[in-house]
Amino acid sequence: MSRDSTQRFTDRVTDYVKYRPGYPRDVVTFLHATCRLPDGARVADIGAGTGISARLLLDAGHRVVAVEPNQAMRAAADAWLGGFAGYSSVAGTAEATTLDAASVDLVMAAQAFHWFDPVAARREFARILKPRGLVALFWNNRMLENTPFLVGYEALLQRFSDDYQSVAERYPDDDSMAAWFGDGRVRTARFPNVQRLDFEGLRGRLMSSSYAPKAGHPNHEPMLAALRELFDRTAHDGTVEFLYETCVYAGHARDES
């Protein structure tokens with residue numbers, strides 16, 4: 001995880017906390033029923049951010065250590081989740097978690113894997129996992145063409161963001177995930193997810209993205225004007241819908257070093 005990637009969201013924490021989507025509970029059901037994750041298993045959430053994915057596993061009764069290098073995001077997670085007896089956090093990265101060897105049953109990363117060094121992360125995951133421990137990588141893929149709003153939103157990002165395309169291209173696909181887990185030893189699942197937002201929420205959702213031009217950038221104000229026009233044109237009953245497909249990849253890490 002590069003220095004740049006660990007600091008990209010420092011000044012976007014408030015919007016991230018309020019406007020980023022969660023994940024369907026089907027993810028936990030899949031891990032328990034299909035991947036045989038034991039009840040009460042200890043979980044390391046890598047690149048835990050503000051705690052959205054950690055909350056999913058805490059609610060299911062797991063102990064979770066949030067591994068997050070960004071101090072502002074980790075502080076937001078601590079403030080939100082500190083009341084859970086099974087929650088803790090550390091300042092660490094995917095490549096150097098600071099966790100003890102063979103100390104967790106599940107390593108997961110949600111919406112963060114594309115920022116990791118994949119080889120170094122796999123080595124670290126194998127180190128901290130107990131024998132036959134599980135890795136689960138999942139994220140929300142925003143649908144691009146299903147509705148006029150989604151088509152317009154994608155066009156807006158392409159028009160106003162300087163590095164949207166380079167970030168979007170980092171997300172893995174089925175083939176790269178099968179290769180990362182090795183010999184195709186990966187189980188996959190996909191679940192629908194939806195987020196309904198009024199204009200304030202839509203603006204916050206946009207500004208929670210690391211590639212959205214911030215105030216002071218020449219594209220910022222024109223982008224928000226275009227967002228307002230898109231919302232007014234496509235909203236129904238005062239909201240628009242972000243449609244997602246939550247993609248899950250689960251298997252066993254191996255250290256090939």
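Residue check, Ser176 against (1) assigned to a helix (DSSP H, G or I); (2) over 26 Å from Ser209 (Cβ atoms); (3) among the hydroxyl-bearing types (Ser, Thr, Tyr), all met but one. Which one?
It is condition (2) that Ser176 fails.
Can you spot a residue in region 93-104 that is closer than 22 Å to Thr246 by Cα and at pLDDT 95 or above?
Looking only at region 93-104, we keep the residues that are closer than 22 Å to Thr246 by Cα, and these are 94.
Of the ones still in play, those that are also at pLDDT 95 or above are 94.
Yes: one or more hits.
State whether one or more residues within region 41-51 are hydroxyl-bearing (Ser, Thr, Tyr) and closer than 20 Å to Ala189 by Cα.
No; the residues of region 41-51 include none that is hydroxyl-bearing (Ser, Thr, Tyr) and closer than 20 Å to Ala189 by Cα.
Just one of Ala101, Ala120 is within 21 Å of the chain's Cα centre (by Cα) and small (Gly, Ala, Ser); which is it?
Ala120
Only one of these is farther than 19 Å from Tyr249 by Cα and either at pLDDT 90 or above or touching a Phe, Trp or Tyr at 6+ places or on another chain (Cβ under 6 Å) (or both): Gly204, Gly133. Name it.
Gly204
Given the criteria over 26 Å from Ile52 (Cα atoms) and buried (at least 19 other Cβ atoms within 10 Å of the Cβ), does Leu134 qualify?
On the way: over 26 Å from Ile52 (Cα atoms): no; buried (at least 19 other Cβ atoms within 10 Å of the Cβ): yes.
Considered against the rule, which asks whether it is over 26 Å from Ile52 (Cα atoms) and buried (at least 19 other Cβ atoms within 10 Å of the Cβ), Leu134 comes out as no.
Of all residues being over 19 Å from the mean Cα position of the chain (by Cα) and part of a helix (DSSP H, G or I) in region 29-71, which is farthest from Arg122 (Cα to Cα)? Just the residue, please.
Among those that are over 19 Å from the mean Cα position of the chain (by Cα) and part of a helix (DSSP H, G or I), it is Ala33.
Can you name every residue in region 72-102 that is assigned to a loop (DSSP other than H, G, I, E, B) and not aliphatic (A, V, I, L, M)? Please lay out each step first, then the result.
The initial filter retains those residues of region 72-102 that are assigned to a loop (DSSP other than H, G, I, E, B), namely 82-86, 91-102.
Residues satisfying the conditions are Gly82, Gly83, Phe84, Gly86, Gly92, Thr93, Glu95, Thr97, Thr98, Asp100.
Looking for something touching a Cys at 6+ places or on another chain (Cβ under 7 Å) and hydrophobic (A, V, I, L, M, F, W, C) - is there at least one such residue anywhere in region 121-135?
Yes - at least one qualifying residue is present in region 121-135.
In contact with a helix residue (DSSP H, G or I) (Cβ under 8 Å, 6 or more places away or on another chain), at pLDDT 90 or above and closer than 24 Å to Val17 by Cα: is that true of Phe116 in this structure?
Spelling it out, it is not the case that Phe116 is in contact with a helix residue (DSSP H, G or I) (Cβ under 8 Å, 6 or more places away or on another chain), at pLDDT 90 or above and closer than 24 Å to Val17 by Cα.
Looking only at region 2-22, decide whether some residue is assigned to a helix (DSSP H, G or I), crowded, with 21+ Cβ neighbours inside 10 Å and modelled with pLDDT of 95 or more.
So far as region 2-22 goes, no, none of its residues is assigned to a helix (DSSP H, G or I), crowded, with 21+ Cβ neighbours inside 10 Å and modelled with pLDDT of 95 or more.
Is there a residue being in contact with a strand residue (DSSP E or B) (Cβ under 7 Å, 6 or more places away or on another chain) and within 27 Å of Val119 (Cα to Cα) anywhere in region 80-88?
Scanning region 80-88 turns up at least one residue that is in contact with a strand residue (DSSP E or B) (Cβ under 7 Å, 6 or more places away or on another chain) and within 27 Å of Val119 (Cα to Cα).
Out of Leu57, Leu31, report the one residue that is more than 30 Å from Asp198 (Cβ to Cβ), out of contact with any Phe, Trp or Tyr (no Cβ under 9 Å at 6 or more places or on another chain) and buried (at least 21 other Cβ atoms within 10 Å of the Cβ).
Being more than 30 Å from Asp198 (Cβ to Cβ), out of contact with any Phe, Trp or Tyr (no Cβ under 9 Å at 6 or more places or on another chain) and buried (at least 21 other Cβ atoms within 10 Å of the Cβ) holds for just one of Leu57, Leu31, which is Leu31.
Considering only region 197-222, how many residues are surrounded by 15 or more Cβ atoms within 10 Å (Cβ to Cβ), assigned to a loop (DSSP other than H, G, I, E, B) and among the small types (Gly, Ala, Ser)?
4
The values are calculated or read from the model by the stated rules, or taken from the named source; none is laboratory data. Model, not experiment: these values are computed from the prediction. Every residue, glycine among them, receives a Cβ derived from its backbone with ideal geometry; neighbour counts consider all protein chains shown.
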